[in-house]
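Asks: Shown below is the structure under consideration.
The values are calculated or read from the model by the stated rules, or taken from the named source; none is laboratory data. No experiment lies behind these values; they were computed from the predicted model shown. All Cβ positions, glycine included, derive from the backbone under ideal geometry; neighbour counts span all protein chains shown.
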Amino acid sequence: MARIKTAAFLFALATLQILTTGGTASAQLSELIEAQAGLEAGREVELDLPPIVKKYRVPLVRPRRVALSPDGVLYVADWGAGSVVAVAADGTADVVASNLGEPAGLAFDPSGNLYVSEHASGMTGGGRVVRITSDGEREVFVENLTAPTGLAFDGSGYLYVANFQDDSVTRVSPMGEAITFVSEIPNPSAVAVGPSGTLFVCSSTEGSVYAVGSMGEVTLLTRGLQGPSDLAFTPDGHLVAANYGGAELSHVDPKGRVRRYATVPKGTIGHFFDADGNLLLVNWDHRMLVKVVTILTIPSPDSDTPIRVRLREKRQRPTEKTPEQPII
């Protein structure tokens, strides 16, 4: 394996200084240059630095959900504006769909088509899911739903729709055939499919998360969350819930144990992870889209394998009276 020479670290230093406050990063990278010049390419470097928080300058009214397209473009469902906005890496925003009835959920199918749920003021049978192709063509995929919110695809191309007012989850085949897959989950606000194919559903009023098997069997996983409003998996398969009623994201393990994953601004209602594990957030109260960067991938001039830099601020060990510190 190729070796990363001092020049690669100098290159990383220059790049990182642009993205961080400079001084602290400079000192730490200089130490790494001296101490780890022989580090193997592809290895991860950890720095004692806080994450980089980027607030996008995108005018939003009431953002409800965020998702990433297969080609890395950010999409935001703006409930208040009745639109879906695409945000490029440079922050440029374009409205890709408008005149929607309270867009509440986003999901991409394996072909890269975008699906958007329309809550439609919670009217019985008034909600629907529309499909938007990469060419911008829009069509109704499934209708006669009641307050559809969260969306998620499984590995076979089936779409799951959380029906908030109907206390149910609908499963839709790739051909658009819909059945009630789960019922009697109070006010489901989000759905997510795990790496093993298990469906997870959160109830915002109960503060609970349920696991649903392939035949629709429902198991309570945990209670006690603060108005859970979204579910997402990290790239390494950890389930994380957004708590609109609180100020944190919660990690829920397979046994239902809950711990704080990150402290976030109150009003955070939706979240998503990119392929590196960096966090994307939308905040309903503050009308903003934020990216929290904890992993940087920096090209190496001496190797085809990039350098990964993890930003992880070290904290003092909490005392018994001090709350657990967040990961981010």
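Asks: Out of the strands (runs of 3 or more DSSP E) lying entirely within region 153-269, which hold 1 or more residues that are of a type outside the set (A, V, I, L, M) and within 27 Å of residue 292 (Cα to Cα)?
Replies: On the way: elements: 159-163, 168-172, 178-183, 188-193, 199-203, 208-212, 218-222, 228-233, 239-243, 248-252, 258-263.
Passing ranges, in order: 188-193, 199-203, 208-212, 218-222, 228-233, 239-243, 248-252, 258-263.
Asks: While we're looking at this one, here's another question. Against the condition β-branched (Val, Ile, Thr), touching a Pro at 6+ places or on another chain (Cβ under 8 Å) and surrounded by 12 or more Cβ atoms within 10 Å (Cβ to Cβ), how does residue 84 come out, does it pass? Step through it out loud before you land on a result.
Replies: On the way: β-branched (Val, Ile, Thr): yes; touching a Pro at 6+ places or on another chain (Cβ under 8 Å): yes; surrounded by 12 or more Cβ atoms within 10 Å (Cβ to Cβ): yes.
Taking the combined requirement at face value, the residue satisfies it.
Asks: How many residues does region 157-215 hold that are over 20 Å from residue 114 (Cα atoms), at pLDDT 95 or above and among the charged types (D, E, K, R)?
Replies: So the answer is 3.
Asks: If you scan region 219-270, which residues turn out to be in contact with an Asp or Glu (Cβ under 6 Å, 6 or more places away or on another chain) and either at positive phi or among the aromatic types (Phe, Trp, Tyr) (or both)?
Replies: 267
Asks: Which of the numbered conditions does residue 267 fail, given that it passes all the others? Conditions: (1) surrounded by 20 or more Cβ atoms within 10 Å (Cβ to Cβ); (2) within 15 Å of residue 65 (Cβ to Cβ).
Replies: (1)
Asks: Of the numbered conditions (1) surrounded by fewer than 16 Cβ atoms within 10 Å (Cβ to Cβ); (2) within 21 Å of residue 247 (Cβ to Cβ); (3) modelled with pLDDT of 75 or more, residue 272 fails exactly one; give the number of that condition.
Replies: (1)
Asks: Please specify each residue of region 243-271 satisfying the condition of being over 15 Å from residue 189 (Cβ atoms) and either in contact with a Cys (Cβ under 8 Å, 6 or more places away or on another chain) or hydrophobic (A, V, I, L, M, F, W, C) (or both).
Replies: 247, 258, 262, 264
Asks: Next up: Does residue 142 fit the bill of being buried (at least 21 other Cβ atoms within 10 Å of the Cβ) and not polar (S, T, N, Q)? Explain how you work it out, then say what you get.
Replies: On the way: buried (at least 21 other Cβ atoms within 10 Å of the Cβ): yes; not polar (S, T, N, Q): yes.
Criteria met by residue 142.
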